[in-house]
Structures are given as C-alpha cells and as structure tokens.
Amino acid sequence: MTNLNIGDEAVPFELPGVDGKSHSLADYRDKKAVAVIFTCNHCPYARAWEDRIIAIQNDYANSGLQVLAINANDAEKYPDDGFPQMRRRAEEKGFSFPYLHDETQEIAAAYGAERTPEVFLFDSDGKLAYHGAVDDEYDDPEAVREHYLRDAVEAVLAGREPSVKETRPVGCTIKWK
Amino acid sequence: MRVDFLYFEDCPSHERALERLRRVISEEGVRAEIEVTEVTSEEQARDLRFAGSPTIQVEGRDISPPPEPHYTLTCRTYQLENGRLSPLPSETMIRAAIEAATTG
C-alpha cells in the first residue's frame, strides 16, 4: 500500500538516469505537473503501457508536464531490469523522459510503490494529485475507456483537482531484494 | 483434449486469459478438460515448464513456445500477430494451438 496520500508532498530523490546524468526531483520544481512512474523493462504490463506514457509526455510536455520513470526491480533476479538493459530499452522505445535506476530500492520503498507501472502525479506545489494506473485497460490501447493519468494531467495543468484521484495500480509486483 | 492453464497470482491477466481460453474452446466445439494450476514456487515452475503467467499448454505443448524459455515465477509477455506486446495470448494463438492438436 502506498505511503503517500492524496495531498501529501513528494518524497525527494536523486537517481542516475540512462542518459548518464543524475536527476533530482528538485530539478523539475518549475514544472506544472510531475508524474513519477515506477516501471521496469521485463514486465508485460509496463511494456504494454510504454507507448501510452510516451504519448502523454509528448502531448503535454509544452504545457508543463514532466514524466520521471523509475525502475527499482532487483536486477539480480530479473536481469532484464539491469541498468545497461534499461539504457537499451529507453533507446529502442525512444523514451521522451528520464529513465532512472533506483538500485537500492529506497525510493520505491519510500513511496510505497508496489506495482509496475504505478503512477504518482504531483501538482505544481509538489502535492500528490493522482495515484494509480495509467488508464483502465492494460492490454488493448484501443479499448481504453478511462484515461486516468491523461485526465489527471489535464486537470493539474489547468489548476484543478482531478475528478479521479486514486485508482488501483495494475501490473507486476516490484521485485524486492 | 488436455489443456493446462498455469498462472502466477501476481500477474493480473490470468483471469481474462482463462476466460479467453474457455471462450475459444467453446467456439471451436472441442471437448477439452482445462486443468488450472497456480504456480507458487520456482521448483514447480521448472517442473511444469512454466514460462511466465499465463502459460497455456495444449496436449503438453506451449501454445507459443518462447525461443529461449526461462521457467520462473514471472509475468509473461506475448507478441501478438500485429507486433504489439501483451500480457495476454491472443485468441488466434489459442485457436491455432487447439486446431493443431485436433488435426495433429
């Protein structure tokens, strides 16, 4: 169960990205919305949602959204989630956002993240505005009926509270050490 | 016809996959017994040749044999006919495996 409730402040972090840079949450304090998304390489649910997350970042980048994807899985048990594999995946898919490695799993634990993917959307004040799934359909993008993250981003960018603030994250469990 | 449906509880697609399997079997009009097994250990995964959840075996054969199978407790990615990656096997995959077992 997540450690953050709606309205709570984001837990700060600084993590290495596949771009070779270190990324701190504070680097993005000028953004109107920041979506911290725990995800990974190996999980089919994470992979199924990748294109939709990329599209959301691209659609709202100019309006002030920043997606930060974090992989916290144990790469010893799941080698596809190692840092070199993360770099390769980001290149293959053309990730338009930083892909960060939480090797110690401290950040995932601090957020209380459980699944991949799992979204924590923060508003311009750094308060949690939405937590949960990207949308209501893990398999077929054309069958999506509820665009939870997209709708929440639009609300936050407009200075409103999302109408749906929390949904159940659907995906693989985070692979703890 | 023997059909084994193997799943790992952590992976949420198993309910929808089982529903899809039952529907295709019904549509194909074949007599099949579906043995549903929850895989709970790495040892069981190896013994049952469980390549991730969900795994469907028709007459002992995986409906979409992975090129380099890793028999372990994990969620499974299927590459669909249109190239899309999915946590679910397609109806086409299931149907083809049933038809192959019926005619083979």
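Binning the C-alpha pair distances of the protein assembly as shown at 5 Å intervals from 0 yields a P(r) profile of 1, 6, 12, 16, 17, 15, 11, 8, 6, 4, 2, 1, 0 %, listed from the shortest bin outward. Rounded to 0.05, the FRET efficiency of the A:Ala109 and B:Glu99 pair, given R0 = 41 Å and the Cβ-Cβ distance, is 0.30. Of the GluC sites (Glu not before Pro) found in segment A:55-93, the ones in coil according to DSSP and having at most 10 other Cβ atoms within 10 Å of their Cβ are A:Glu76. In this label model, A:Glu146 and B:Arg22 are separated by 2.4 nm, measuring between points 7 Å along each Cα→Cβ vector.
Determine the relative contact order of segment A:85-177: mean sequence separation of Cα pairs under 8 Å and six or more apart, normalised by residue count, in whole percent. Write out the running numbers ahead of the final one.
Values: 114 pairs, mean separation 26.2, N = 93.
Averaging sequence separation for qualifying contacts and normalising by length gives 28 percent for segment A:85-177.
Taking N as the residue count of segment A:84-177, its C-alpha radius of gyration divided by 2.2 N^0.38 Å amounts to 1.17. Ordering A:Asn3, B:Ala96, A:Cys172 by Cα displacement along the dipole of the protein assembly as shown toward the positive end leaves B:Ala96 in first place; charges were set at the Cβ atoms of Lys, Arg (+1) and Asp, Glu (-1).
How big is the shadow of the Cα convex hull of segment B:53-99, averaged over all directions, in nm²? It would help to have the intermediate numbers written out before the result.
Working: hull surface 13.6 nm².
Value for segment B:53-99: 3.4 nm².
Relative to the dominant Cα principal axis of chain B, helix B:14-28 is inclined by about 20°.
Summing charges over all other residues whose Cβ lies under 12 Å from the Cβ of A:Gly7, with Lys and Arg as +1 and Asp and Glu as -1, gives -4.
Once C-alpha pairs closer than 8 Å and six or more residues apart are averaged by separation and normalised to the residue number of segment A:1-156, the relative contact order reads 33 percent. Taking every DSSP helix (H) stretch of at least 4 residues in chain B, weighting each as -39,500 (n - 2.57) and dividing the sum by the residue count yields a mean residue ellipticity at 222 nm of -10000 deg cm²/dmol. Each principal axis of the Cα cloud of segment A:1-145 was taken in turn, and the coordinate range along them, longest first, works out to 36, 36, 31 Å. Take the Cβ atoms of B:Glu33 and B:Glu9, set R0 to 30 Å, and the FRET efficiency comes out at 0.85. Here segment B:1-24 and segment A:42-73 have alpha carbon centers that stand 28 Å from each other.
Thinking of chain B as a set of Cα atoms, what percent of all their pairs are more than 21 Å apart? Summing the P(r) of chain B above 21 Å gives 27 percent of all pairs. Taking a 27 Å limit on the Cα-Cα distance, which of the listed pairs A:Lys77/A:Lys127; A:Lys21/A:Lys175; A:Lys32/A:Lys93; A:Lys31/A:Lys93 fall beyond it? Violating the 27 Å limit, Cα to Cα: A:Lys77/A:Lys127.
We did not get these values from a lab; they are worked out from the coordinates using the rules stated. Because the structure is a prediction, the values reported are computed rather than measured. Note that we place each Cβ from the backbone using ideal geometry, even for glycine, and neighbour counts take in every protein chain shown.
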